[in-house]
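These notes are about the structure you will find just below.
The values are calculated or read from the model by the stated rules, or taken from the named source; none is laboratory data. Here the structure is a predicted model, which is why all the values come from computation and not from measurement. Glycine gets a Cβ as well: all are built from the backbone with ideal geometry, and neighbour counts include every protein chain shown.
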Amino acid sequence: MISSKLPNVGTTIFTTMSQLAAQVGAINLSQGFPDFDGPQALRDAVAYHVANGHNQYPPMTGLPALREQVGHKLARFYGVTVDTEREITITPGATQAIFCAIQAVIRPGDEVIVFDPTYDSYEPSVALAGGRCVHVPLAPATFAIDWQRLSDAIGPRTRMIMLNSPHNPSGAVFSGADLDQLAALIGERDIYVVSDEVYEHLIYDGVAHASVLACEALYRRAFVVSSFGKTYHVTGWKTGYVVAPPALTAELRKVHQFVSFCGVTPIQWALADFMAAHPEHLDELPGFYQAKRDLFCDLLQGSRFRFTRTPGTYFQLVDYAQIRPDLNDVDMSLWMTKEHGVACIPVSVFYNEPVREQRLVRLCFAKREETLREAAAKLCAI
């Protein structure tokens, strides 16, 4: 008999809903990926490097040219200077980066604080390290941090706090004042931070991203994770990076080298070339996705769903209480997919203890205009 190390883990809700959408021919607004390609110049660069011999192992830490471009980006957006050799590691995806950070410092019996609703990869990664997640719910309406509950949750076994801003699934954005308050709360305790910032460039309405990188009191104890896949519309490339102080980077790399060793070589070359040639892509990204958010929300104004426009990510939460209050969000997601042809994600799956009265589902608007119009028409007809 196999004794599972993850007995409570099955197929993810993202896979389940995407498969169901394909089976019934529904528009897939569930899993978070675009239905359009990344920039042509970036795709051409991959083909160029594949054809020109960049197909063998890169350095374990990542291609130097790409780490240098990340360093330039951090200086331009956050005003920080990092050692690209000792503080930046390229990884095959942000999820792997988070996994390696957790494995690097969490030991059996340690506690890791996560904010509910929380992304689904965090807890299994903690469990595989022998740790235990302590779930602290965000405020139900605003998804803001409840500082008293967080303070109460910190104990002698607390070894890490997981941040995610912009936040998946809610789209909430933590401010610089939030980061300062967290730093003051941690104080001199031996607590690490993993800051999942994969949607760092998807913040709207003129708001600037508050990165842990720019909060010195947090960065000295932090692993900051981001994603080229989210930023350049190429989620299937599974390429990300983690920035951490030299001592933490050294520990992370000890794990990384035995999980994957390195990322994909021609993709790293292509990203380095594109970042150097097209820095404007990052400046234009918030406006690009805000236009999609605003189009989708404008189209949904005629529906019976209720919502507040998301401040970040490419996800929009909608409240369906005026439509089918009798259904929990899992059943609502199945009903919407099968009966109305639009697949979504139930928000309760992101909670350890779901909020009973909550009636929210998550929709992805990283889609072509025609997809959003077709989906909105179906949603307005419900």
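Each residue in segment 32-81 was checked for being within 20 Å of CYS262 (Cβ to Cβ) and either part of a loop (DSSP other than H, G, I, E, B) or charged (D, E, K, R) (or both), and 14 pass.
Close contacts from segment 310-336, counting a first residue that is part of a loop (DSSP other than H, G, I, E, B) and a second that is of a type in the set (S, T, N, Q), with Cβ to Cβ under 8 Å and a gap of 6+ residues or different chains, come to THR310/SER170; THR310/GLN316; THR313/ASN168; ASN328/SER348. Condition check: closer than 26 Å to ALA366 by Cα, touching a Gly at 6+ places or on another chain (Cβ under 8 Å) and assigned by TED's automatic domain parsing to the domain that holds PRO92. Does ILE203 satisfy that? Here the answer is yes, as ILE203 does meet what is asked. Evaluated against (1) more than 23 Å from CYS344 (Cβ to Cβ); (2) under 17 Å from the mean Cα position of the chain (by Cα); (3) surrounded by fewer than 23 Cβ atoms within 10 Å (Cβ to Cβ), GLY176 falls short on exactly one condition, (2). Looking only at residues of segment 303-317 that are farther than 15 Å from THR142 by Cβ and touching a helix residue (DSSP H, G or I) at 6+ places or on another chain (Cβ under 7 Å), we find that the one that is surrounded by the fewest Cβ atoms within 10 Å (Cβ to Cβ) is SER303. Of all positions in segment 256-266, at least one carries a residue that is out of contact with any Gly (no Cβ under 9 Å at 6 or more places or on another chain), closer than 29 Å to PHE36 by Cβ and outside any loop (DSSP other than H, G, I, E, B). One residue alone among VAL349, VAL355 is in a loop (DSSP other than H, G, I, E, B), out of contact with any strand residue (DSSP E or B) (no Cβ under 6 Å at 6 or more places or on another chain) and among the hydrophobic types (A, V, I, L, M, F, W, C), and that residue is VAL355.
Exactly one residue out of HIS256, HIS278 is at pLDDT 95 or above, in contact with a strand residue (DSSP E or B) (Cβ under 9 Å, 6 or more places away or on another chain) and under 30 Å from PRO59 (Cβ atoms): that is HIS256.
Filtering segment 232-255 to residues that are assigned to a helix (DSSP H, G or I), over 22 Å from PRO34 (Cα atoms) and either of a type in the set (Ser, Thr, Tyr) or in contact with a His (Cβ under 9 Å, 6 or more places away or on another chain) (or both) leaves only THR249.
Scanning segment 330-373 for residues that are exposed (fewer than 15 other Cβ atoms within 10 Å of the Cβ), within 21 Å of VAL234 (Cα to Cα) and either among the aliphatic types (A, V, I, L, M) or more than 22 Å from the chain's Cα centre (by Cα) (or both) yields a count of 2. The criterion of at least 1 residues that are in contact (Cβ under 8 Å) with a residue 12 or more places away in the chain and closer than 19 Å to ALA244 by Cα is met by the following strands (runs of 3 or more DSSP E) wholly inside segment 109-209: 111-116, 158-164, 192-196.
Every condition in (1) in the same structural domain as HIS340 (by TED's automatic domain parsing); (2) modelled with pLDDT of 95 or more; (3) farther than 25 Å from GLU280 by Cα is met by HIS54 except one, and the failing one is (1). Pairs meeting the criteria (first residue in segment 80-91 and in contact (Cβ under 8 Å) with a residue 12 or more places away in the chain, second residue exposed (fewer than 15 other Cβ atoms within 10 Å of the Cβ), beta carbons under 7 Å, at least 6 apart or on different chains) are ASP83/PRO246; ARG86/PRO246; GLU87/PRO246.
Could you list, in sequence order, all residues of segment 9-29 that are surrounded by 15 or more Cβ atoms within 10 Å (Cβ to Cβ), in contact (Cβ under 8 Å) with a residue 24 or more places away in the chain and under 13 Å from LEU334 (Cβ atoms)? Within segment 9-29, ILE13, MET17, LEU20, ALA21, ALA26 qualify.
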